[in-house]
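The values are calculated or read from the model by the stated rules, or taken from the named source; none is laboratory data. Here the structure is a predicted model, which is why all the values come from computation and not from measurement. Every residue, glycine among them, receives a Cβ derived from its backbone with ideal geometry; neighbour counts consider all protein chains shown.
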2 protein chains.
Amino acid sequence: MFQTITIVGVGLISGSFSLILKNKKLVNRVIGVSRTENSLKRALELGIIDEALPLEEAVKQSDLIYVAIPVDATIPMMQRIMDLITDKQIVADAGSTKKALCEALSDHPMRHRFVATHPMWGTEYSGPEAAVLDAFTGRTCVICEKEKSDPAAVATIEKLYKILGMHVTYMDADSHDMHAAYVSHISHITSFALANTVLEKEKEEDAIFELAGGGFESTVRLAKSSPAMWLPIFKQNREHVLDVLNEHITQLRKFKSCIEKENYQYLNELMENANRISKIIK
Amino acid sequence: MFQTITIVGVGLISGSFSLILKNKKLVNRVIGVSRTENSLKRALELGIIDEALPLEEAVKQSDLIYVAIPVDATIPMMQRIMDLITDKQIVADAGSTKKALCEALSDHPMRHRFVATHPMWGTEYSGPEAAVLDAFTGRTCVICEKEKSDPAAVATIEKLYKILGMHVTYMDADSHDMHAAYVSHISHITSFALANTVLEKEKEEDAIFELAGGGFESTVRLAKSSPAMWLPIFKQNREHVLDVLNEHITQLRKFKSCIEKENYQYLNELMENANRISKIIK
């Protein structure tokens, strides 16, 4: 499908992307670009990339440039890349926010060669070691502002994600950011805050270690996520995140109020309402 | 190890308990007691129990009576059972709260044949179909008020849990309930409230279904848990749960305040602090 691609960032997402493309023989050669020498070294060792090059040289040789770095760094990086490309190349990103990036690139003369994508997958781990082969299978990928990209470029990217086993859906950038706040960003805040709650209240760290069951582990695991990745997401998606966070605090206060006032009938209703999620998330 | 045991309740915990005891040939015959005819039928079909009997008949024939039903129902049930047993039998429970039960049984003439236990394992599912063979392996089991039980009864129960692969630890009942609030009960409230948040904000249920990634799934999965089981836990552990819930709301308000005021340095610190959980929960 591609002769050469460049991945900018050699971490969880780009690493997983490269591994599956190589595994499915969709690419002959993968170049890695990163500020972090050690990550490039590890990515080479792990077979994620074939070569590490400076951005300009990498872009020149690539059919596709795939950017998966923190969303604040993505904006200037993407502008640099789009200053370098020709009409034969495609640029795509994998960022968790879309509006700020799409707005920043909207007037770029090469905007039509850019496809804004968000494969809805991740783990709490980061770096090339976190890359896995079956990352995207069965998940949804959102493509934003399709109408601003060349139809052929969109078709190529859509075909690629479908080969990786993803379901592709289209949205405007603001709708994407709103939905992402609901189904992803708030989970991370909840989990960070839950970790801080337990670390604050439970002074006996041994007791946490000893007693924590699977339930605690699954609600708190996102608290291991990288602040370098998540801080810019919360910044860029500030309004939607605040909106959902306010609602979440309101919902928690309902539980608190029921327990305080021993209004167990309403507490039961709150839990029964929450059970509805099992019809949506299997 | 046992000729015959009775499980009271034939659901997630007692079902898993029976399956592993049978699998390891630690018991010859398992009798099931339940108010729910259909659960008994399913438990028979699934090989969880060999026979269903009324409580009195079941207790009479059993070396061990293992009670795993909602914690409010456990108290009168345990009193009935302890009125029936002799000094050759052992009774144990698997409840998520310990103080109310231990207090209620403290003056019972057969208190010494009761061992208060909490195997720290569970899933969001309930009923006999939810039982799994490898439930307890690698988890911790808390035994409370050890000093009020016959040493031989404690030794038998401890040995049994150890054969199942559990690490056994001892605590007074109130300490257990406090720690359980931190590492289990608050996770459930967070998850119930997160489900309600998303169901409230995200009117497009299709979007939740389509976009939810693994992160959302793992933070919200406990919201599928049974209100019949969790309501009495929150009731009995009301003070500790409120204490942790208040702290959790405080922690979430810190995130909210940082994002509102765009105090991103402090937001970063909050996330870095939360990352410490990765040293405790692998």
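Restricting attention to the stretch B:1-42 and to residues that are among the hydroxyl-bearing types (Ser, Thr, Tyr) and not in a helix (DSSP H, G or I), the residue that is farthest from the chain's Cα centre (by Cα) turns out to be B:THR4. Scanning the stretch A:253-268 for residues that are out of contact with any Cys (no Cβ under 8 Å at 6 or more places or on another chain), part of a helix (DSSP H, G or I) and either within 8 Å of another protein chain (Cβ to nearest Cβ) or modelled with pLDDT under 95 (or both) gives A:ARG253, A:LYS254, A:PHE255, A:LYS256, A:ILE259, A:GLU260, A:ASN268.
Would you call B:ASP177 among the charged types (D, E, K, R), more than 30 Å from A:GLY138 (Cα to Cα) and in a helix (DSSP H, G or I)? When the stated conditions are applied, B:ASP177 passes them.
From the list B:GLU145, B:GLU103, the one residue that fits, being modelled with pLDDT of 95 or more and crowded, with 22+ Cβ neighbours inside 10 Å, is B:GLU145. Residues in the stretch B:136-157 that are within 14 Å of chain A (Cβ to nearest Cβ) and either in contact with a Phe, Trp or Tyr (Cβ under 7 Å, 6 or more places away or on another chain) or among the aliphatic types (A, V, I, L, M) (or both): B:PHE136, B:ARG139, B:CYS141, B:VAL142, B:ILE143.
Here is a yes/no grid of residues against (1) of a type in the set (Lys, Arg); (2) within 22 Å of B:VAL27 (Cα to Cα):
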| position | (1), (2) |
| --- | --- |
| B:LYS99 | yes, no |
| B:PRO109 | no, no |
| B:PRO119 | no, yes |
| B:LYS146 | yes, no |
| B:SER149 | no, no |
| B:ALA152 | no, yes |
| B:GLU158 | no, yes |
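Number of residues in the stretch B:116-138 that are closer than 18 Å to A:LEU211 by Cβ and over 15 Å from the mean Cα position of the chain (by Cα): the value is 1. As a summary of the residue check, B:LEU231 satisfies the conditions (1) more than 8 Å from chain A (Cβ to nearest Cβ); (2) in a helix (DSSP H, G or I); (3) not acidic (Asp, Glu) except for the one numbered (1). Residues in the stretch B:158-174 that are without any contact (Cβ under 8 Å) to a residue 40 or more places away in the chain, in contact with a Lys or Arg (Cβ under 9 Å, 6 or more places away or on another chain) and surrounded by fewer than 16 Cβ atoms within 10 Å (Cβ to Cβ) were compared, and the one that is nearest to the other protein chains (Cβ to nearest Cβ) is B:HIS167.
Quick grid of which residues meet (1) touching a Cys at 6+ places or on another chain (Cβ under 9 Å); (2) free of Cβ contacts under 8 Å to residues at least 24 places away in the same chain:
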| site | (1), (2) |
| --- | --- |
| A:LYS98 | yes, no |
| A:GLU103 | no, no |
| A:GLU147 | no, yes |
| A:PRO151 | no, yes |
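Looking at A:SER218, A:SER184, A:SER278, just one residue is at pLDDT below 95 and over 30 Å from B:PHE136 (Cβ atoms), and that residue is A:SER184.
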